[in-house]
Structure formats: structure tokens, C-alpha cells
Amino acid sequence: MSKKIFVFGEIRESELRNVSFEAIAAAKKVADGGEVVGLLLGGKAGNLAIEMIHYGADRVVTVENDQLQAYTPDAYSQAIMQVIDAEKPDGFILGHTAVGKDLSPRLAAKLKSGLISDVVSLEVVDEKVLFTRPIYSGKAFEKLEVREGLVLATIRPNNITPLEKDVSRTGDVSSMEVEIKNLRTIIKEIVRKTAGGIDLSEAKVVVSGGRGVKSKDGFKPLQELADLLGGAVGASRGACDSDYCDYSLQIGQTGKVVTPDLYIACGISGAIQHVAGMSNSKVIVAINKDPEAPIFGIADYGIVGDLFEVLPLLIEEFTSV
Ligand code: FAD
């Protein structure tokens, strides 16, 4: 049965995050020939709305309101609830990002609905949509079906292929007014720890360092390799705890979950808590001087050696390509 599915367009530094396009592709499957509607909250959404349409949305609803310029769970959930109330969609899909993870349980509670979080794939079997999500820190996967009520789901970045961009697609862009009141928090200033750069959770290549990197300076060749490959630098908790890098780089059970095309683990032992955040990477390369390191158990390619000898060789090789 065809459905109306809303997709949350997540804006970061005036651009739509890729996961929003991946969410549109997911919504298409759930909609089953019905309508996929993009939702953009915040400032001037003009070009971004068209972009959502080019990636498969049938129409876009924008909500412009000063209180929505920066994300706050309070203001965003109030706005989304009013949109849902007016539009009565059958489903709402968000990215499994920091914002999506914060927002989706609030919506589920307000809507008294279930929530399927961290979806890595969807398939249609016998006209039912089955959502696959990891459980037990990625050691197993479960498939879930929504039997009744709203389909509320978050999808993990980098797992669902967006539809091909089609600039000839057209669709209606309408704006909606919302009333936002009694805010408990107001953003006065945003102080960024790191400026720009590639978002770790959406990066196609991640070069990650562990305690084996030994110092802040030890991260320099990792950054050089990441820059060469158009990727981002990540880290184990061992490296963060040792103050070699910022905790915002931590990958794992209590850090970020990444699924790049290529994950290069440098001086990381492969503790289960780290593996939980990167085991779904498409190709894993491990560089470790200990041939018994557990990381080799999940690596597609293993290099036994000193990372400070291996990385310069890789950098030289990629520079000459
Ligand atoms: P180590 O285990 O010390 O490994 C360092 C590796 O570097 C070794 O294998 C060594 O052989 C290698 N090495 C040393 N020098 C070199 C060199 N010159 N060249 C090549 N290799 C070298 N960890 C996470 O990463 N993410 C999490 O989210 C996370 N959450 C946790 C949550 C809980 C509740 C707990 C209890 C732990 C968590 N941990 C997490 C910590 C985790 O258990 C490990 O302690 C941590 O991942 C180890 O980091 P590491 O691999 O960098 O360090």
C-alpha cells in the first residue's frame, strides 16, 4: 500500500548532509510508490529543497523560523510535531547522526510510536519492508518490520546508496509556519572545536590511530594520508585517553560509528569496543607491529610492521599515483 513518508533534511554549514539523500532512497522503498516529502527546518532553504527533489523527493516542506537556525531538541521537535500534525505522514526517516539520535527518541515518545534506529539496509519481501539493524555492538543483525502505526526510523550514514541525482526532476516546495514556545534552551553561540574538514561519520576513507601512534605529533602522517585520500582521521579510545587527539575523533561503542569504503587502522589493537564502531567498513586495512593483534582477525589486509615506517611508504605510493 503506498504511503506518504517524510525525510528530515539535515543541514550542516548551509549544506545538506549526504545521509539526507540516503534517507530519501530508504523512504522510496517504504513509500511503495507513494509520496516522499523532504522537510527542511531553519533558514533559507531554496537550493537545498531543489537538491532534495533532484535526489528523489516528490516535494519539500520548508519551515523558516528564527528559533530553528541552530539545532535544539526542544525547538526542532516542536516544529516537526506541528508538521506531522498537519501532514499526517505514514513515516518519518532521519539520519542516524548526532542530531537524528537526539531527535528521534523524543519524536517517538511524543508520537507514542516505535523507533527503528541505526538501520543499515532495507528490503522489500512479500510486500513487507524489512529494516536491518546491528545489535550486540555489531556482532549480529536483526530484521524488523513495522506492523502498525508510524514508521519512524534512523539510517546509518554511508550504508544506503542514494538515488542517482536527476536535475530534470521537479516538485512542489511549500513553506509552513510553526509556533515555537516555552523553549527551555536557547543557543547563544556555537564554538567549534574543529573547523571544516570531512565529517568522520560520512567519510569514505578513515585513517585511524591508536595508542601505537604514541603522541600528538604521531598523528601527522595519518592526517597526511587521510588528506591524500580525501578522507578523515579517527582514533581509538586508547589514543584519546592518552591525549594524543580530541575525543570527537573516537570511534567505537562509546564513540562514533563509521562505515567508510576504506578504514586504515594504525597502531590499534582491535578491542571489541573499538571494533563495534568500524567493523562494517567495506575494506579494513590494519597496520600493527604485533602479528597477534586481534585487529588482524577482522582486517581484509594486514600489514605487520611499524606504522612510522609503513605510513611514509603508503604516502609516497599514493602521492605518485
Ligand atoms: P592498545 O590496546 O594499547 O593497542 C595499541 C596497539 O598499537 C597494540 O596492538 C600495539 O601492538 C600497536 N603498536 C604499538 N606501537 C606500534 C607501532 N609503532 N606500529 C604499529 N603498531 C604499534 N575503545 C575504543 O577505541 N572506542 C570506544 O568507543 C571504546 N569504548 C569503550 C567502552 C567501555 C565501556 C570500555 C570498558 C572500553 C572502551 N574502549 C573503547 C576501550 C577499549 O577497550 C580499548 O582499551 C581501546 O580500544 C584500546 O585502544 P588502542 O587499540 O589504541 O590501544
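The values are calculated or read from the model by the stated rules, or taken from the named source; none is laboratory data. All values reported here derive from a predicted model rather than from experimental measurement. All Cβ positions, even for glycine, are placed from backbone atoms using ideal geometry, and neighbour counts span all protein chains on display. What goes into the accessible areas is simple: the full protein's heavy atoms, side chains included, and nothing from ligands, DNA or RNA. Shrake-Rupley method; radii C 1.70, N 1.55, O 1.52, S 1.80 Å.
The table for this structure:
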quantity: Furthest towards positive pole of dipole, 226, 248, 274, structure part segment 214-279, Cβ charges; calculated: 274
quantity: Under 5 Å, built H, 5+ apart or other chain: amide partners of residue 119; calculated: 154, 155, 156
quantity: Quarter of Cα convex hull surface for the chain, i.e. mean projection, nm²; calculated: 17.8
quantity: Fraction of accessible area attributable to carbon and sulfur, the chain (%, probe 1.4 Å); calculated: 49
quantity: Segment 122-162: projected area of the alpha-carbon convex hull, averaged over directions, in nm²; calculated: 3.8
quantity: Pairwise label distance in nanometres, residue 101 with residue 177, each label 7 Å out on the Cα-Cβ vector; calculated: 3.8
quantity: Probe 1.4 Å, accessible area per residue of segment 7-60, Å²; calculated: 33
quantity: Estimated D of segment 160-251 in µm² per second, where Rh is the Kirkwood radius over Cα pairs and Stokes-Einstein applies at 10 °C, 1.306 mPa s; calculated: 94
quantity: Three principal axis lengths of segment 220-321 [C-alpha, angstrom, descending]; calculated: 37, 28, 26
quantity: DSSP-loop GluC sites (Glu not before Pro) across segment 100-197, with at most 11 other Cβ within 10 angstrom; calculated: 127, 145, 148, 164, 177, 179, 189
quantity: Residue 204-residue 186 pseudo-label distance in nm [points 7 Å out on the Cα-to-Cβ vector]; calculated: 4.4
quantity: Net length gained if the chain between residue 301 and residue 4 were fully extended (0.36 nm per residue, minus Cα distance); calculated: 102.5 nm
quantity: 10 Å Cβ shell holding at most 14 others, DSSP loop, trypsin sites (Lys or Arg not before Pro): longest site-free stretch of the chain; calculated: 45-111
quantity: Å² per residue, accessible surface of segment 222-276 at 1.4 Å; calculated: 38
quantity: Per-residue HN-Hα couplings for segment 142-150 [Karplus 6.51, -1.76, 1.60; θ = phi - 60°; Hz; x = Gly/Pro]; calculated: 10, 10, 10, 10, 8, 7, 8, x, 5
quantity: Estimated translational D of segment 47-177 in µm²/s (Stokes, Kirkwood radius over Cα pairs; 20 °C; 1.002 mPa s); calculated: 132
quantity: Per residue, in Å², the accessible surface of segment 98-161 once ligands and nucleic acids are set aside, probe 1.4 Å; calculated: 54
quantity: Filtered GluC sites (Glu not before Pro), segment 269-321: DSSP coil and at most 12 other beta carbons within 10 Å; calculated: 292
quantity: Net charge over other residues, Cβ less than 12 angstrom from the Cβ of residue 244 (K, R count +1; D, E count -1); calculated: +1
quantity: Spin-label pair residue 321/residue 272, simplified geometry with 7 Å Cα→Cβ offset, distance in nm; calculated: 3.5
quantity: P(r) weight above 17 Å for segment 56-123, C-alpha pairs, percent; calculated: 47
quantity: Relative contact order, percent, the chain [alpha-carbon distance under 8 Å, six or more residues apart]; calculated: 14
quantity: Estimated translational D of segment 86-132 in µm²/s (Stokes, Kirkwood radius over Cα pairs; 20 °C; 1.002 mPa s); calculated: 178
quantity: Per principal axis, descending, Cα span of segment 1-101 in whole Å; calculated: 37, 26, 24
quantity: In Hz, Karplus ³J(HN,Hα) per residue of segment 243-259 (6.51, -1.76, 1.60; θ = phi - 60°; x = Gly, Pro); calculated: 6, 7, 7, 7, 5, 5, 8, 5, 10, x, 4, 10, x, 8, 9, 10, 9
quantity: Nonlocal amide H pairs with residue 59, under 5 Å, H built at 1.01 Å; calculated: 36, 38
quantity: Residue-by-residue Karplus 3J(HN,Hα) for segment 102-115, coefficients 6.51, -1.76, 1.60, Hz, glycine and proline x; calculated: 7, 7, 4, x, 5, 5, 4, 5, 5, 8, 6, 10, x, 9
